[in-house]
Structures are given as C-alpha cells and as structure tokens.
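The values are calculated or read from the model by the stated rules, or taken from the named source; none is laboratory data. Predicted, not measured: the structure shown is a model, and the values here were computed from it. We place every Cβ from the backbone using ideal geometry, glycine too, and count neighbours over all the protein chains shown. Each accessible area value is taken on the protein alone, full model and side chains, heavy atoms only, with ligands, DNA and RNA left out. Shrake-Rupley method; radii C 1.70, N 1.55, O 1.52, S 1.80 Å.
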Amino acid sequence: MDKRRTLGLRRGGPEPRATRSGQPLRPLTIPNLVGYVRIGLLAAFLVIALSSEDGRVPIATVFFAAAAGADYLDGMIARLTGQYSRLGALMDPLIDRLVVVCGVIVAWKFELLPRWALAVLVARELLMVVIVAAGLRLGLDLHINWIGRIAVWPTMSAFGFALFGWDVVDEVSLYVGLAGSLAASAQYVRDGARDLARRRWQDSQR
C-alpha cells in the first residue's frame, strides 16, 4: 500500500469508480458515518455557540474543531478500507461547506471576523453550490482541485482562531483562505467548461 497516497500526500490517477456519477450511493460506510458525526458536531456547535454571550464556549469550539479536522479522517479511512462511495464523494465537500457556513454564522453574529470578508466567503460558497448543481445536472464529474483542498484549511482555521480569541492571526488566515477559495472556484469553472466542450465535441464525432 502506498503510504503517501493513504495519508493523502500524493494524488493523481483516476477517481475510484465507486465515487463516479451513476454509481450507487452506499450510505452505510465507515467514512460516511464519520460524515454523519461531523454534521451532528456542527449542529451542537451552533446550538451552544449561538446561545452564549460571545460565541466563545470551549466545548462548542472543540465540536467545531473536531468537525473541521475530521475532513482529513474520513478520506484517510476511505483509502485504508477501500470503502469509497458516490454519497461520500458528494457529501464530503458539502460538509466542508457546512463547516464554513456554521463558522460564518457564529462569527457574523458576534462580529468575530470582518463582516465584508464573511459576506464574500458566503457568496463564494453559494456560487459553488450553483456550480456543483449545474455540473451534476450535466452529468459532469467534478473533482476537488488542489487549490481548493489547500484553501479549505486556512479558511476553517480562521474560525477556530477567532473562537479561541487569537486576533490578527484569525484575519490573516481568513484572507489567505478566501483568496485560495476564489482561485479554486475560477479553476472549477474553467475545468467544467473544458470538460463540457470536450464532451460535446466527442458527441459530434459519433
């Protein structure tokens, strides 16, 4: 077994067949169970943080950090066990967006981070929902690009830093993550348009 690939340090090659469009969802896999736990942690985080005075409740912060950190865990488990699924491929990026949205909700209410940057981040996430929905409707297999993989970490970390009260570093992390997220969105649009053009050309040659 390639340890670097298992740990997510080396990518490349075709996506596992079980994750592709048209394959069964397979909801009951260990990686998907991790995803369900992440959703539960985010729900608990919102309930506790929003009912507090400043959003900075230690147990809520732990829940948020666990939900964010488990993004790496479910992928590693899938690679170790071979339990890939179409649902996991769809759910993982969706939960990543839920982590960001939940962080935005709390940070916005308690003004833990600049609201203009949070607004841009939300707009980007909504754009990605539209892009993903359009890609699925067209039957495209949308793959997470490396910019997006990297950008999600400073973005999630920014909310964690803000919840811990680490001023300055939280804003720097947010700006880095935001810049990377916008660049990743541009690449998604470019790749999707290229794949669609290639498919249409192939159809015209039949």
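A few remarks follow.
- Residue selection: R56 fails the criterion of being open to solvent by 10 Å² or more (accessible area, probe 1.4 Å), in contact with a Ser or Thr (Cβ under 9 Å, 6 or more places away or on another chain) and either farther than 16 Å from V101 by Cα or assigned to a helix (DSSP H, G or I) (or both).
- Some residue of segment 72-84 being hydroxyl-bearing (S, T, Y), open to solvent by less than 30 Å² (accessible area, probe 1.4 Å) and touching a Pro at 6+ places or on another chain (Cβ under 8 Å): no
- Every residue from segment 26-36 that is surrounded by fewer than 16 Cβ atoms within 10 Å (Cβ to Cβ), touching a residue at least 24 places away in the same chain (Cβ under 8 Å) and not in a loop (DSSP other than H, G, I, E, B): I30
- Answer residue from segment 59-71, given it is in contact (Cβ under 8 Å) with a residue 40 or more places away in the chain and closer than 18 Å to A107 by Cβ and is most open to solvent (accessible area, probe 1.4 Å) among those: A65
- Screening segment 37-51 for residues that are of a type outside the set (A, V, I, L, M) and either in contact with a Gly (Cβ under 9 Å, 6 or more places away or on another chain) or open to solvent by less than 30 Å² (accessible area, probe 1.4 Å) (or both) and picking the one that is modelled with the highest pLDDT gives F45.
- Taken over segment 123-178, the criterion of being among the β-branched types (V, I, T), modelled with pLDDT under 90 and touching a helix residue (DSSP H, G or I) at 6+ places or on another chain (Cβ under 9 Å) is satisfied by V129, I131, V132, I144, I147, I150, V152.
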